[in-house]
Structures are given as C-alpha cells and as structure tokens.
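Input: a single structure, listed below in structure tokens.
The values are calculated or read from the model by the stated rules, or taken from the named source; none is laboratory data. All values reported here derive from a predicted model rather than from experimental measurement. Cβ sites come from the backbone with ideal geometry, for glycine too, and all protein chains shown count toward neighbours.
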Amino acid sequence: MQFMLLFSRQGKLRLQKWYVPLSDKEKKKITRELVQTVLARKPKMCSFLEWRDLKIVYKRYASLYFCCAIEDQDNELITLEIIHRYVELLDKYFGSVCELDIIFNFEKAYFILDEFLLGGEAQETSKKNVLKAIEQADLLQENIDFQMRLFAGTVGEVNIAVVVDQ
Amino acid sequence: MALKIVKGSIDRMFDKNLQDLVRGIRNHKEDEAKYISTCIDEIKQELKQDNIAVKANAVCKLTYLQMLGYDVSWAAFNIVEVMSSSKFTYKRIGYLAASQCFHESTDVIMLTTNQIRKDLSSPNQYDTGVALTGLSCFVTPDLARDLANDIMTLMSHTKPYIRKKAVLIMYKVFLKYPESLRPAFPRLKEKLEDPDPGVQSAAVNVICELARRNPKNYLSLAPLFFKLMTSSTNNWVLIKIIKLFGALTPLEPRLGKKLIEPLTNLIHSTSAMSLLYECVNTVIAGQYWFSVGSASLSSLCVFGVVDSPEVKYLGLLAMSKILKTHPKSVQSHKDLILQCLDDKDESIRLRALDLLYGMVSKKNLMEIVKKLMLHVDKAEGTTYRDELLTKIIDICSQSNYQYITNFEWYISILVELTRLEGTRHGHLIASQMLDVAIRVKAIRVFAVAQMATLLDNAHLLTGNMQRNGICEVLYAAAWICGEFSEHLENPMQTLEAMLRPKVATLPGHIQAVYVQNAAKLFATVLKAQEGNTDSTTAQETSQLMIDRLPLFVQSANLEVQERASCILQLVKYIQKLQQKDVEVAEEVNALFAGELNPVAPKAQKKVPVPEGLDLDAWINEPPSESESEDEQPKAIFAKEEPKHSRTRHTEVDEKELARRREARKQEQANNPFYIKASPSSQKVYQDAPGVEHIPVVQIDLSVPLKVPGLPMSDQYVKLEEERRQKERAEKKKKEKKKRKEKRSGRGKKHDSGPESEEDITPAHQVDIVTEEMPEVQTNLLSSNCVFVHLYLSRPLADSEKLPVRSHRAAEAAKSPVEDGETENATSLEPKKKSSKEKREKKKDKDRDRKVRVQRCSKGRLEQQVQRIVLKNKNKLLFKNLFPPTQVYDIQGNLQDGSQVVVSVIFENKCDSFLKSMEFNVLDSLNSKLQRPEGSGPHDGLTVPFQLPPGVSNEARFVFTVQSIVMPQKLKGTLTFIVKNEDSSTHEKLDFKLHFTCTSYLITTPCYSDAFAKLLESGDLKGSSVRLEGVNMPFHHLLARICFHHHFSVVERIDSCASMYSRSIQGHHVCLLVKTVSKQQRSTREPIWDTLAMCKTADSDASVFLCCKKQNQDLKDKSVCQKTHKKLYIHIIFHFYFATF
C-alpha cells in the first residue's frame, strides 16, 4: 500500500499515512486531487478506480471516506478488507467510533493504524492482538503520566490544577 | 531541578493541549488561518522551553497542524528532541510526528541514527516497537545501511511482537539498501517457519513483495511455500502465497501443474472473494488456463452475476487479462459483457468497452457494433458517448479493418454517427470516411452517394456547429464528392449544395475544401454537359460558379480567398471560351487528372536521402543576423516550410537535375514503401492466391444504391447474413465439384456447422498501406529494478557484510577484477619518477586495462586515470585513482580544503552525435557546485565540448564542500541533444555524485617516529573492528586499502601494518591492520581508527566518518544508461576528487 487517507464528506482531511517518502507539496497535490475525485463519485459506484499508475480503493463509513492507494499487482478486495478491519478496530477501541473521536484523538487513531499496518503491509491479522498491544502501550503511557502527576502533586497547591488539567 | 519542573507545570496549565487546539479551530471557522497562526506562535514559544512535556504537547499539536496542510518542517529538530525523550509517552508522540513529517530530504534524519539504535535495543518492547514503526515511514538509504544490522538482530528477538515488526521493516530496508538483502536473507527464510503465525505471515509478506521484483531468486522456496499453502488457513497469508506463485509460475512451468489441484480446491471451497480473485489471477498468470479453465470461468461468471459493482469490475479486469492469451474463451461471455454496458458505474462500462475491443471477430462485429449504437442513442453525458463513439471506430478500424466484411455497412455506421449531437470527434469520423473511401475502391460509388446526401442535408449538421466538431464530417464529404465525382448520380445538384451561401459560415479549412472540390465537380459537370451538344446548359453552370464564388473571395480566411479567386478567374476564362464555342471540358478535366493514392504517414521517412545531399547544410550563405526574421511572412499556409523560400536560390544545371531525377525514379522503383502511380502494386495484391474468388462487384448489386435520406446500418446486418449464406452455399458447391474431380472420399469438412473465422470473406478489399515496421528492441534493460542483479544463492562475499555497530575504517573489498595494485600500494613515497615507472610496469602486466595518462604542460600536476572494464550485464564500471603527485600541492594549501574538483569523463557509446551538453547538480547545504558569477543557484554548466560517436572527453567541475566528515550524495542531471542523420532529440540523464569520506583523504607519507608521536599525543580516539572471511594475501589487502582509501603504509612487520592518511582539511587518520590467524581467514584489526580533529574536536563527527567509509567502492561507481530507440547511449561518469 502506498498511502491511506481519511477524509470527511466535506473534503476535510482527518488522517493521512504515507508509506512512500514524498515531499509535502506532492502529498498535498495528491490529496487534493484524490479527495475531489472520490467525492465526485456516486454512492452505488464501484469502490475501485485507476488513478495515475495506482489503483485507488475507497469506502465510505458514515461521514468518513477511507481511501487507500495500492500498486498494480495488489489485491483490491483485500485492501477493502483492510479498511474494514481498521474501522472495526477503531470501533472496538473507541466504542462505536464517530468522526469526532478521530478528530480529537487523532494520535490514537494513528497508533492503532501503526499496530495494524507497518510499512504498508498488514502486520497483524488478529484484532485481539492489535487491541492488546494498544492497550498495553496506553497503560505504559498512563503509568508514566500518573507518576508525573504524583511528583508534581507533592510540590504545592498550584499543581493540583495541573493534575486536573491533565 | 524540582523548581524547574514546577515552573514547567505552571506553564503547562496555561497551554493549550491538542483537544483545545482542535476545539479552537472548529470555533474559528471564519478566521481559521489567523487563529492557527497565533497557535503556531504559541507553539514556537512552547518549543523554546526546557520542559519535555510542554515540548511534546507542542509537537503533538504540530502533527495535527501538519495534517491540515501547514508547513511544520521548521520544527524538525524539536521533533527529534521529543523522540529522544526517555519517557514512552513523549517518545511515542515524537516518533508519530517524525513518521508524519519527515521525508528523505529532511536534514535532521541524520541525527536520529544513534537515538533509533538505542531505542531498538531498549528493554521495553514498546519502545522498540514505536521506533520500528516510525522508521518504516522515514527510512533513508543512510539509515537503512546503518541500522540494517540492528534490525536483523531484532528478527530473532524473543518477543514475537518485535520479530514481526522487524521482519516487515526489513522490506523497506532492502528497498533502500539492496546490499543488505543477501546477508539478511537466510534469517528471513528461517522466519517462514516461525512458531508465531504473525511473524510467519510477515515473512511471507516480505518474500512475496521481493519475489514480485525478481522472482528468479525465490524459486528454491517454492516447496516451502507449497507446504504453507496447503496447511495455512489464514486468508491473508494465502493470498500472499498465491500471489507469490503467480510470480513464480511463468519461470517454472512444472510448478503450474502442481498448483492446479490446490488452486482448484481453493476456488471451489473458499467463500472469500478476495482469495478467489487472487486464485483466478494466478491461474491467468500461469498460462495453464485450459486445465483449470472450466473452474475459473464458472467463478468468473459468479463475478459477473454477483450484484456488487466491485466484484463486477474485477471480473471484467480478469477477463481482459484472459483475453490477451485466450480470446476464444472470453468471447462466449459476450452477452454478460454487453450487459455491463448498462451498468450505472462508468468505470465498469469503460472496462466492458475495453473488453469488447479485443473480443470482436468478423462474425460478431456487426452485432456488437449494433448494440453499441443502441447505447450511443441512450447514453447520457457527452463524455461517455464520445468514449463510445471512439470505441466503435477503434473496434471497426483495428488492424486495417480486419474484421469488417461489408464496408457499405461501415459507411452507414459512420453516417449514422454524424447524427450524434455535441460530439467532439467529428474529425475522427471524417478521417475514417476519407480513409475508407480512398482505400476501398469498390465502396466509392456507395460512399459518394452517401456523402452527397450528407452535403445536401448539411443544414442538419451545421445547425449548432458553433459548439461541436461534427461539421468536420463535411470536410470529408466535400472532398469525397469532388475527388470521385465521376460516381455521382446528380453532380449538378451536389455542386449547387456546395455553393450555398450558408457554406460561408463553416470553419475556414472546410470552406477551402468546398471551393476546391466545387471546381472538381464543375469539371465533371462540364464534361457531361458538353456531350449533350447543348451549349447553353454548360454556360449556365459556368454562370452559377461565377455568381457564387465571389462570396468566398471575400472570405476572411486566406486560403479560401486564394483558392476562390484563382478558380473564379479560371471559370471566367472558361466562360469566355465557351462563348466562342470552344470545347473546354477535356482541358478542364486535365486539371484534376490522376488518382490520389494513400500514403503511409511515415512513408516519407523511408525515402532515402540521395547520396551527397546534406539536408542540413546551407545551400547558400546563411543570411546575416540583420536580415530581420519578422519581415518574412510567417507561415501563412500551415504547410509551408521556411526552407522552401531558400530553394529558390539554388542554381543547379539541367543535366544535374536530370541525373538526380533519374536516380530518384530508380530508387522509387526499388522502394517498396513508395506507392507508385501505376496500379501494378495493387494488382499484385488483388491477384494474390486465395483472394480472387472474393465477389467484389456482385454485392454492390444486392444493395439499393439510392438510399432515401440517411441510411440505416441495420439492414446490412441482415444482408450480410444472406450474403454469407450464399457464399457458404457457393463454397459448398465448389467443394463438391472439387471433390468430384478429385474423387476423394473424405468426410465433409466444411459442411454446415458453425462457420470459422476464415470462412468469412470480406465483401470489399482494403488497400493495405504498409505502416512502418516497429523497430525491434533487441536488448531490454531491466536496470530500473533494484534487485535484478542480486543473486541470493551465491555465497556471501566479505564486502556484503552489514555494517556492525562500531567504528572502523572499513575497507570494503569489492572490486573483483583488480589484483595488480601491489606495487602501487607498497610505494611509500609517491614520487613522480617512481610512479611513472610503475605505471609502465602495470601497463605491461594487465593488458586489458587501459591506462590513460594526461600531463599538464608544466608538469606540476600529473594525473593518472585508470579504468577497469567489468563485463557485468552491460555495465561498465569505472574506477578512479588519486594522482599520487598531488600531495605537494595540497600541503601548501590546507586553507583551500573546502574545494573539490570533480573530473567527469563523458564517453559517448552510441552511434549518434551528442551536443549541447549541460551539467547540473542540485546543491545541498554542504556541497555546492561553483557556478560562474551572475548565474543563479539552479543554472547548469555547459560542458565545453561536443561528443562524436565513440569519443570520450573530460570536464572538470569545482565544488565547495563545507564539512568533509559526512558522505554526500548529490543528484544531478545532464541534458544533451542527440543528433541522428534525420533527427535530433533532447535527452536527459539523471545521475548521482557520491562524495564519500575517504575520497577526501589524500595519500600522505608519514615517518614512523612522527606516527608514534601522533599516537602518543592522545588526541586520537580509537576503536577496532574484526573482519572475518577475508581470504586474500595480506599484501593485497594492504594494496587495496592504499588504492581505494588513499592510505599509505608507515611500517609493516610480518602480517601487521600501520597506515596513515590525512584529509584535505588536515585530519589525521591512523590505522593498524593485523592478521590474527594464518588460516584462510585473515582478520584486520585497526586499533586506532581515528580521526583526531585538528580543527574541530568533534568526536561524534569522526565516528560518523568512520562508519560512512563502508562500501565506498560501490559508491564511487556510477553508471548511467539510457535507451534511445535501438541504440544505447552510455555515458560513463567517472569521478575523482582532488584539491587545488
């Protein structure tokens, strides 16, 4: 897979993951072009299209479009499956995910994607394993945060506010 | 410390976190840009603080802004800071930001190497995981090279979580640093049998991707994969394995037979469409179509029937692949494909159209086109309709109208297509009409009748001609009616139609054709009327011309004007003659006598230029500059070429002209591509055996010639059926007769049954215009593929070992052919005279080496350029040497250590002349090409010479280099003009200049006492490395180090030697090489591989240099090749570095 884009029905980009090194300018150009092309398609149309020398596979879930670019020899149907699997993962993690979850926790969405795909290839086909890895990493993060808070809390009144803020 | 944290925490209280930022952006919909710019200012403030938590928060926000499209490259260094935090929370954010924002040209990536290495070996598996994930997004060739070994170690990590990631990322590493593939491959292979299914599937993934690029190397793995395929139940893995087999089977046909059974089983049993599709694809790729044919086809039918647009689309895609090899098996699905034309989705309809193109045969062409015509009628949207129209024409005209049996039908189709509204393809239809009318003689009568009707009804077409191109059709119609006017039923009527005042509203080029052809028609009409002995009608016709033509004389279009006034004068003259009762028809007809023949578009190219004629040479002295160009009328007529005006000045005597004419005639007679006016060539064609029974004329009679109004093509389908039946009957009769004559009692071969392709004979004969033969590509280079030249089965060479994590002056020994450097290397004092002697010696020793010596006039600088030609898959590798005598120059000029001269040898290996070469390099921060003053930073430098075929020459370019402790790769392009006998083209060649660290070293002699002092001083940092598997004599080894890395030997005792070198900026480099065992394995152990920085005491940088020295051999070579038609142009770049 070359890259994955998530964008809203209004054409706002919500997530982008590039597995090929490109300059920002190029990325922007590709994104703009693809968002336009995909949004222009009608609901009952085929989810695949040929674009430049790549194949685009996209699917709409609620108000979000998930759009992947794959190479000529890649399997379109399995890419569709990957998109679906990612949506399922998000759903499990956030508990019936909506666009706002992804907007406000975009880094989490990335972490989940990174556990699921690596370098454009599916690295873990088991949903359970992906979620387990994410949970444990989160736990690690929270532990550190917690220690930080404890430490900050010993210093004085002001820091209570800090704890709340976090 | 504690206070600092408190202060940071207080600051944080006032900071926005990510959620605040997102909320803020959503609340400031109308002035988003302004809000974000204030946010960015805040972030900049936050990044200045020491508190890592604040920084991480800022970086997190930046990552979000980056996604929104804001430039955050300025914060790259801060991202690295956050990455290197010891806390997982921040590290995670840092790596995420890096993976989103970094790309290959991000400078700070270089700084991350050590940090990533640390994280990779972290005891916490999530630290490692995060680093691997990040690395997969921004890995560069340098990172790949430096970290390959670490990642390879991780492939055998105890945790499957890490193993899995490490295996997957190896693919990215291979792509960036192909040399790592061979050493890593055995371990990758092991992972195929890893106990953890995740790791196993990752390994399958990587090998499958690799095999797609170069399948040959992976054939040996086939049995292993076969086992996996039959045992695995994971669809994801199965798909990859099957894809892998798809790549392997074309190489090993036996594999195909073995695969049939499991594949068939899968096709029948699986419920996953994706797996089914992959199986079908592999079956198609494997060419063992017929054995699995029925199964696949039935599944393809499923593809067609299932009501999902995705599956339908893929089914069509698969069919188009089958079509290439087995067209017959697809043709039976014609109905299914035609159904897809009704689909709502345009991409499916277009796919189906593509398929139809390949599916037509003589038998079904009419039927398919009829269906397409129906679709044209009901298609909505002009783009799709235009697509249909072009497809219809493509389908019919493919391979010289091979599938058309009845051209009257085709003409009617074309005429029907003209009724399409708003199409842009008028010219396409027009060119088809012209082509058919010219090439199919038998059709002319019919075509002319149709065209006359078109002209008569021109108002139908031109109704909205302003916005469509359909009026182009009138161009063809007018020309056909004029040119073949003898076939016209009622020429007078057509003439009147062509001279209607409304014609003046048509585009200029069409009017011009109208005028010209009106004249032709006039000639025909005149001829008919003069025969009638009634002179008044003829005079009336002339009067009509004289009345109508002035309209065109006033035209704004110059060509129309010219033609009209010319013809008007002619007609006036004719009228005068008519009034004197002179018979003029014959003479007027003579104006348009002779038949126009079709000529292939490239035929002119095939006419050889007569000997001694140089088309590019000036015939007379070129006009001086002052003779202003703009005075010359610039191409009033599109086809006028400026050269014509000059030929007027030629003065060639009559004899010469006659001689040339004769020669030309001779050549034309011999040239098969020149279509002669005499009908002989066509006759030959028509007399060809097996064609004479084609009933060319008879059919015309069965068609009603006078079609009132516009024709309907449908009737031809029916007629065609009848014709075929008749033909078949005739054939049978003939057959019978033959049989009777021969009295052979054989069974009925051609009796009834479905008729085969060959049985259908076309009703008309097409004049085949020979197109230029495609030039044969004799040798296709696959140089664009990274892994093509890697052979995995070959044992590992010493040079291919991955860089190990330690510092060393790695003398990668990778130059298979050289072995004669001993003498050169042992020379401790590179003095002029001795080096010269040695060169002589060497020349004698290896004769296949070409040594070129250049000498400067003053003798101060002597250069030795050595070439080693390796026969390695069309590649010529060239190597370089430092001029040993330059030592003296440099020592006096240490201040100038920032300049480097790059000598480039351009060698033209093709048969064409190369000129106007321009050399340009994309500057980096560290290295810049010195350009003449006044030129911009991106201007190229002109190479001061031209290259005739086979010639090589050297050009020098000066670079300014800031830091020499890091290797550099500069991208550059060379543009040049390739000049052939008949054409010249502009070509571009990309190349890379590699500045490696050891290229900045200069062979400097050092005496042992000075060397000892240097070591004692303690300024040097030391490190050592042990290399195994070096199996060459010790003196060869030393020679190589001296030769390739510019060291000199200080002292040598048995199998131990100390060596010294110096960089152009004065860094000392000391090296101790020691053989440890006397067996085949000799070990080198440099104890002080060190750079004591004379100017900068930066130890980190010195470490860097040492690491980067690895593999410099590989990097100094740069071979660029480019195909130019049949020829290969080799330009070999040859670098060596020197200071002034």
Looking at B:Gly381, is it buried (at least 16 other Cβ atoms within 10 Å of the Cβ) and out of contact with any strand residue (DSSP E or B) (no Cβ under 9 Å at 6 or more places or on another chain)?
-> no
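Having 1 or more residues that are touching a Lys or Arg at 6+ places or on another chain (Cβ under 9 Å), touching a residue at least 24 places away in the same chain (Cβ under 8 Å) and over 20 Å from A:Phe116 (Cβ atoms) is the bar; report the strands (runs of 3 or more DSSP E) wholly within segment A:1-66 that clear it. Let's see the steps before the verdict.
Values: elements: A:3-8, A:13-18, A:48-51, A:54-61.
By residue number, A:3-8, A:48-51.
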Return a yes/no flag: does segment B:589-602 have any residue that is surrounded by fewer than 18 Cβ atoms within 10 Å (Cβ to Cβ), of a type in the set (D, E, K, R) and free of Cβ contacts under 8 Å to residues at least 24 places away in the same chain.
-> no
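For segment B:226-249, give me each residue that is touching a residue at least 12 places away in the same chain (Cβ under 8 Å), part of a helix (DSSP H, G or I) and either over 36 Å from the mean Cα position of the chain (by Cα) or closer than 12 Å to B:Pro197 by Cβ (or both).
Going through segment B:226-249, the residues touching a residue at least 12 places away in the same chain (Cβ under 8 Å) turn out to be B:226, B:228-230, B:234-249.
Adding the requirement that they be part of a helix (DSSP H, G or I) leaves B:226, B:228-230, B:235-248.
Once the filter is applied, which keeps residues that are touching a residue at least 12 places away in the same chain (Cβ under 8 Å), part of a helix (DSSP H, G or I) and either over 36 Å from the mean Cα position of the chain (by Cα) or closer than 12 Å to B:Pro197 by Cβ (or both), segment B:226-249 yields B:Leu228, B:Thr230, B:Trp236, B:Val237.
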From the residues in segment B:26-36 that are surrounded by fewer than 12 Cβ atoms within 10 Å (Cβ to Cβ) and of a type outside the set (Lys, Arg), which one is nearest to A:Ile103 (Cα to Cα)?
-> B:Asn27
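Does segment A:42-65 include one or more residues that are of a type in the set (S, T, N, Q) and away from chain B (no Cβ under 11 Å)? Don't jump to the end; show me each part of the working.
Going through segment A:42-65, the residues of a type in the set (S, T, N, Q) turn out to be A:47, A:63.
Cutting the leftovers down to away from chain B (no Cβ under 11 Å) gives us A:63.
Yes, segment A:42-65 has at least one match.
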Can we say B:Thr536 is in contact (Cβ under 8 Å) with a residue 12 or more places away in the chain and either assigned by the TED database to the domain that holds B:Lys441 or surrounded by 15 or more Cβ atoms within 10 Å (Cβ to Cβ) (or both)?
-> no
Subset of segment A:72-89, residues more than 9 Å from chain B (Cβ to nearest Cβ) and either among the charged types (D, E, K, R) or not in a helix (DSSP H, G or I) (or both), comes to A:Asp72, A:Arg85, A:Glu88
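With the condition kept exactly as written, say whether any residue in segment B:205-225 is in a helix (DSSP H, G or I), within 33 Å of the chain's Cα centre (by Cα), among the acidic types (Asp, Glu) and away from chain A (no Cβ under 14 Å). Walk me through how you get there before you give the answer.
First, the residues of segment B:205-225 that are in a helix (DSSP H, G or I): B:205-213, B:215-225.
Checking the rest, the ones that are also within 33 Å of the chain's Cα centre (by Cα) come to B:205-213, B:215-222.
In the following step, the residues that additionally are among the acidic types (Asp, Glu) were identified as B:209.
Applying the additional criterion that residues be away from chain A (no Cβ under 14 Å) yields none.
No - not one qualifying residue is present in segment B:205-225.
Are there any helices (runs of 4 or more DSSP H) wholly within segment B:79-197 with 3 or more residues that are touching a strand residue (DSSP E or B) at 6+ places or on another chain (Cβ under 6 Å) and either more than 9 Å from chain A (Cβ to nearest Cβ) or buried (at least 18 other Cβ atoms within 10 Å of the Cβ) (or both), and if so which?
Values: elements: B:88-101, B:109-120, B:125-138, B:141-154, B:160-176, B:181-191.
Answer list for segment B:79-197: none.
If a residue must be among the hydrophobic types (A, V, I, L, M, F, W, C) and touching a residue at least 60 places away in the same chain (Cβ under 8 Å), how many such residues does segment B:470-522 contain?
Just the residues of segment B:470-522 that are among the hydrophobic types (A, V, I, L, M, F, W, C), to begin with: B:470-471, B:473-474, B:476-481, B:484, B:488, B:492, B:495, B:497-499, B:503-504, B:506, B:510, B:512-513, B:515, B:518-519, B:521-522.
The next check asks that each one be touching a residue at least 60 places away in the same chain (Cβ under 8 Å); those that pass are B:519, B:522.
Within segment B:470-522, residues that are among the hydrophobic types (A, V, I, L, M, F, W, C) and touching a residue at least 60 places away in the same chain (Cβ under 8 Å) number 2.
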Looking only at segment B:367-376, decide whether some residue is more than 33 Å from the chain's Cα centre (by Cα) and outside any helix (DSSP H, G or I).
-> no
When you scan segment A:95-114, how many residues do you find that are among the small types (Gly, Ala, Ser) and within 9 Å of chain B (Cβ to nearest Cβ)?
-> 0
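Under the condition of being of a type in the set (A, V, I, L, M, F, W, C) and facing chain A (nearest Cβ under 7 Å), which residue from segment B:54-67 is surrounded by the fewest Cβ atoms within 10 Å (Cβ to Cβ)?
Step one: of segment B:54-67, the residues of a type in the set (A, V, I, L, M, F, W, C) are B:54, B:56, B:58-60, B:62, B:65, B:67.
Filter once more, so that each one left must be facing chain A (nearest Cβ under 7 Å): B:60, B:67.
On the way: B:Cys60: 22, B:Met67: 20.
Restricting to residues being of a type in the set (A, V, I, L, M, F, W, C) and facing chain A (nearest Cβ under 7 Å), the top hit is B:Met67.
Quick check, is A:Lys92 more than 9 Å from every other protein chain (Cβ to nearest Cβ), closer than 21 Å to B:Leu68 by Cβ and not in a strand (DSSP E or B)? Let's see the steps before the verdict.
Details: more than 9 Å from every other protein chain (Cβ to nearest Cβ): yes; closer than 21 Å to B:Leu68 by Cβ: no; not in a strand (DSSP E or B): yes.
Against the criterion (more than 9 Å from every other protein chain (Cβ to nearest Cβ), closer than 21 Å to B:Leu68 by Cβ and not in a strand (DSSP E or B)), A:Lys92 does not qualify.
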